[in-house]
Amino acid sequence: MSYPNAIEVCRADLFTKEIELRDRYPGALVDKVLRVREMYNWFIANPDGTDREFVAEVCQRHGITRVLIPNSR
């Protein structure tokens, strides 16, 4: 069975109840959608937040390490 990609699911079902998402999609896909929902809510709750603050929040909440790529000149 083929499933839509995470972006398509977010567009269609971002605020669908978690239990319904779990009935429709594989667990890994549902987890991605729930992370996007969580960060969408943070973004709405912090309208004055900067892009840098948003990225820092995502990294902190989800244990993501940023990799800095040196400028290539």
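Where a number appears in this text, it was derived from the coordinates with a stated rule and is not lab data. Everything quoted here is computed from the prediction, not taken from an experiment. Don't worry about glycine lacking a Cβ; one is built from the backbone with ideal geometry, like all the others, and counts go over all protein chains shown.
Please state which one of VAL9, VAL55 is in contact with a helix residue (DSSP H, G or I) (Cβ under 9 Å, 6 or more places away or on another chain) and surrounded by 10 or more Cβ atoms within 10 Å (Cβ to Cβ).
Values: VAL55 fails: in contact with a helix residue (DSSP H, G or I) (Cβ under 9 Å, 6 or more places away or on another chain).
Result: VAL9 is the single residue among VAL9, VAL55 that is in contact with a helix residue (DSSP H, G or I) (Cβ under 9 Å, 6 or more places away or on another chain) and surrounded by 10 or more Cβ atoms within 10 Å (Cβ to Cβ).
Can you tell me which residues in the range 41-55 are farther than 22 Å from ARG66 by Cβ and either in contact (Cβ under 8 Å) with a residue 60 or more places away in the chain or of a type in the set (Val, Ile, Thr) (or both)? Answer for the range 41-55, where residues must be farther than 22 Å from ARG66 by Cβ and either in contact (Cβ under 8 Å) with a residue 60 or more places away in the chain or of a type in the set (Val, Ile, Thr) (or both): just ILE44.
ILE44 passes every criterion in (1) assigned to a helix (DSSP H, G or I); (2) touching a helix residue (DSSP H, G or I) at 6+ places or on another chain (Cβ under 8 Å); (3) of a type outside the set (Ser, Thr, Tyr) apart from (2). Residues that are assigned to a helix (DSSP H, G or I), surrounded by 14 or more Cβ atoms within 10 Å (Cβ to Cβ) and β-branched (Val, Ile, Thr) were ranked within the range 12-41; the one that is nearest to the chain's Cα centre (by Cα) is VAL36.
I'm checking my understanding of the structure. Among residues of the range 58-73 that are among the basic types (Lys, Arg) and loosely packed, with under 12 Cβ neighbours inside 10 Å, which one is farthest from VAL9 (Cα to Cα)? The selected residue is ARG73.
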